[in-house]
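Participant: Before I ask anything, here is the structure I am working with.
Just so you know, all these numbers are worked out from the coordinates, no wet-lab data involved. Source: prediction; values computed, not measured. Cβ coordinates were reconstructed from backbone atoms using ideal geometry, including for glycine residues, and neighbour counts include every protein chain displayed.
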Amino acid sequence: MAVKKNRPCPDHRRRRLLKGLAAAGTLASLGRLAPAIAWQSTGNLEATPRIEGDTDIFELTIARTPQVIDGRSTAQAVTINGTIPGPLLRWREGRQVELRVTNHLDEDTSIHWHGILLPYEMDGVPGVSFAGIPPGETFVYRFPVRQSGTYWYHSHSGLQEQLGHYAPLVVEPAAPEPYAYDRDYAVVLSDWTFHDPHWVLSRLKKMEGYFNYQQRTLGDFLREVRAEGWGAAWRERAMWLKMRMSPRDILDITGAEYLYLVNGRPAGDPWRALFAPGEKIRLRFINASAMSYFDVRIPGLRMTVVQADGQDVAPVAVDEFRIGVAETYDVIVSPAEDRPYAIVAEAMDRSGAVHAALTPREDLLPEAPPRRRGPVERDMAAMGHGGHGGHGGHGAARGHRGGKAAMPGMDMEGEMPHPMEQGHEGMAAMAKNGHEMPMKKHGMAHDAGMEGGLPGKDWVLAGRRVRHGPDDHGPGAAMVARSPRYRLHEPGVGLASTPDHKVLVYDDLRSLAPWPDRRPPAREIELHLTGNMERYMWSFDGRKLSEVDGPIRFRNGERLRLIMVNDTMMDHPIHLHGMWMELENRHGEHRPRKHTISLKPGEMLSALITADAPGDWAFHCHLLYHMKAGMFRVVSVA
């Protein structure tokens with residue numbers, strides 16, 4: 001099947017067009033016309049649809065296309081229309097789209113439209129919503145576009161996403177946006193390995209920490225002994241040894257294995273975004289990586305966050321934000337100086353980084369900033385014992401000392417009870433698929449109950465008793481969080497907000513308008529994120545997908561509360577297909593809507609869901625190798 005490819009606009013045509021717009025006094029139009037020009041001029045393609053009535057038709061081809069990445073040739077790349085990332089798709093809210101996807105691989109493939117509300121048959125998850133796209137065949141996706149914002153699309157087959165099968169997606173709104181900008185760029189962050197991803201997965205299964213070259217040493221232990229005394233230092237080391245895990249296990253796969261990319265370009269050949277001083281630039285950050293959390297900043301520029309996961313939020317001025325796998329954040333910056341700025345994305349364990357250029361001229365590149373000091377290290381709060389460890393900094397975040405971690409078989413006697421472990425006796429009944437409970441009377445989180453940004457007595461989950469399985473979720477759980485806590489106000493391991501450096505946290509996200517469905521939830525479902533790092537087992541409630549009896553069941557049209565507890569020592573970005581999750585933070589009815597929610601170790605949080613999408617939907621950790629290892633369930637709305 002013939003596939004149309006667009007070619008970048010020549011520079012002289014681009015300059016003539018922009019001059020004509022300015023001369024005509026159509027600056028408002030520039031924001032509409034600049035995005036395609038900006039994306040194409042940097043070497044990436046934007047797909048042009050064929051228009052038939054109210055339908056925009058796109059042709060996409062999946063194939064193995066040799067690529068040169070960081071000066072090295074690779075034949076294993078899986079591309080969309082021949083590029084990494086694939087072409088940017090621009091849809092329009094209120095229209096229909098038809099996407100004709102042809103598979104030129106020698107294996108099945110698929111495309112999932114991440115964060116898009118659509119009929120479940122069009123969601124693109126093999127074995128859940130359709131059978132996949134066999135080699136040599138074309139599958140036609142067709143559905144109405146019912147939303148706007150920044151999203152992305154990627155394979156849901158095997159480990160193809162790791163090999164380059166991902167691309168940005170922008171949906172233009174039907175109504176004017178509540179913020180202005182002059183230029184618009186998609187900024188796709190990703191990780192790349194020159195090894196076969198199946199080999200990478202096999203290494204993880206054979207040896208915990210295989211890719212972590214920042215492990216602790218005897219010298220680290222002796223420094224702790226000198227600083228804190230032999231007893232305190234040894235007790236903490238014993239806890240970590242019992243879990244067979246290091247406090248420096250921040251990312252499963254590190255910069256020792258990964259090359260980090262921005263729009264398919266490494267730091268040695270940085271992607272460039274052009275600006276003129278005084279313009280407002282919209283940067284649509286998309287974390288399309290397989291396994292990497294990134295800390296993003298532009299030294300010398302403040303960013304104003306205006307969207308999270310494609311949804312408008314009250315503007316938040318920040319210096320840095322952490323973006324989990326599959327999340328998106330839209331920011332607006334206003335560079336006033338005629339100089340280049342570095343767009344920096346560091347792996348959250350500081351094992352690697354990549355930068356791009358925000359520059360007034362393509363030949364003017366910023367100096368690459370030095371990588372910040374590492375390694376970072378998890379504190380005791382990550383063990384879920386209810387302590388109040390610090391936010392962590394650049395280096396070892398020591399936090400709370402001498403507490404007892406909540407691990408299977410560990411004596412918890414003498415530990416002070418956490419508020420979540422008190423009250424509401426008999427609240428939960430163990431269900432076959434998740435812990436399902438009828439609703440009790442809970443106070444709703446609101447500003448009055450969140451003194452200083454911390455949860456107060458009116459926090460929605462205050463007084464809740466956490467329920468673990470009778471065997472603490474079995475061998476699939478190396479630890480359980482007896483006293484998980486509210487952590488939406490924390491920047492996360494390795495980050496710290498100061499008066500001079502504001503880091504975005506989930507508690508900053510405030511939806512511009514309440515969700516139309518104001519009904520209180522009629523029931524609750526409690527799910528635990530579980531894992532055994534040493535055996536590389538990942539699951540929900542201690543059971544991987546192949547071990548569960550059936551799907552998690554939502555009732556069509558119901559309003560429910562999903563409660564998630566992270567019983568592991570890792571951060572997990574959890575993605576629900578087909579429906580929004582309304583994160584219950586400190587903003588009450590103005591809680592933000594997200595398609596992917598990242599949980600810190602030892603964290604407990606909740607989200608409201610309106611189950612208005614009949615069908616079977618994927619629900620999983622978006623760390624690709626965690627999903628492959630079993631951290632995946634099916635939600636059935638019936």
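Participant: Using +1 on the beta carbon of Lys and Arg, -1 on that of Asp and Glu, and nothing else charged, what's the dipole of region 250-309 about the Cα centre, debye to 20?
Facilitator: The dipole magnitude comes to about 380 debye.
Participant: How far apart, in nm, are the 7 Å Cα→Cβ label points at A227 and F194?
Facilitator: That separation, rounded to one decimal, is 3.7 nm.
Participant: Place a point 7 Å from Cα of E107 in the direction of its Cβ. Which residues in region 126-157 have their backbone N less than 12 Å from it?
Facilitator: What the label zone holds, given the 12 Å backbone N cut-off, is 156-157.
Participant: Tell me, rounded to the nearest percent, the portion of alpha carbon pairs in region 562-638 spaced more than 21 Å apart.
Facilitator: I get 27 percent for the Cα pairs in region 562-638 exceeding 21 Å.
Participant: Right, another one. Can you tell me which aspartates and glutamates have their Cα less than 13 Å from the Cα of K502? Leave out same-chain residues fewer than eight positions away.
Facilitator: D295, D319, E320, E490
Participant: Net charge around Q76, counting only other residues with Cβ within less than 12 Å of its Cβ (Lys, Arg = +1; Asp, Glu = -1)?
Facilitator: With Lys, Arg at +1 and Asp, Glu at -1, the net is +1.
Participant: Using alpha carbons only, how many angstrom separate the centre of region 168-207 from the centre of region 566-638?
Facilitator: 18 Å
Participant: Here is a follow-up. In whole Hz and in residue order, list the ³J(HN,Hα) couplings for region 536-551 that follow from phi through the Karplus curve 6.51 cos²θ - 1.76 cosθ + 1.60, θ = phi - 60°; x for Gly and Pro.
Facilitator: 6, 10, 9, 6, 10, 6, x, 10, 7, 3, 5, 9, 8, 7, x, x
Participant: As an exercise, use a Förster radius of 30 Å and the Cβ-Cβ distance of E98 and L512 to find the FRET efficiency, rounded to the nearest 0.05.
Facilitator: Step by step, r from the Cβ atoms, then E = 0.45.
Participant: In whole angstrom, how far apart do the alpha carbon centroids of region 61-133 and region 310-354 sit?
Facilitator: If we compute the Cα centre of each part, the gap is 26 Å.
Participant: Could you calculate the FRET efficiency of A174 with K206 from 1/(1 + (r/R0)^6), where r is the beta carbon distance between them and R0 is 51 Å, rounded to 0.05?
Facilitator: Calculated transfer efficiency: 0.50.
Participant: Also: Taking the beta-carbon count within 10 Å as an exposure proxy, list T109, T568, T55 from fewest neighbours to most.
Facilitator: T55, T109, T568
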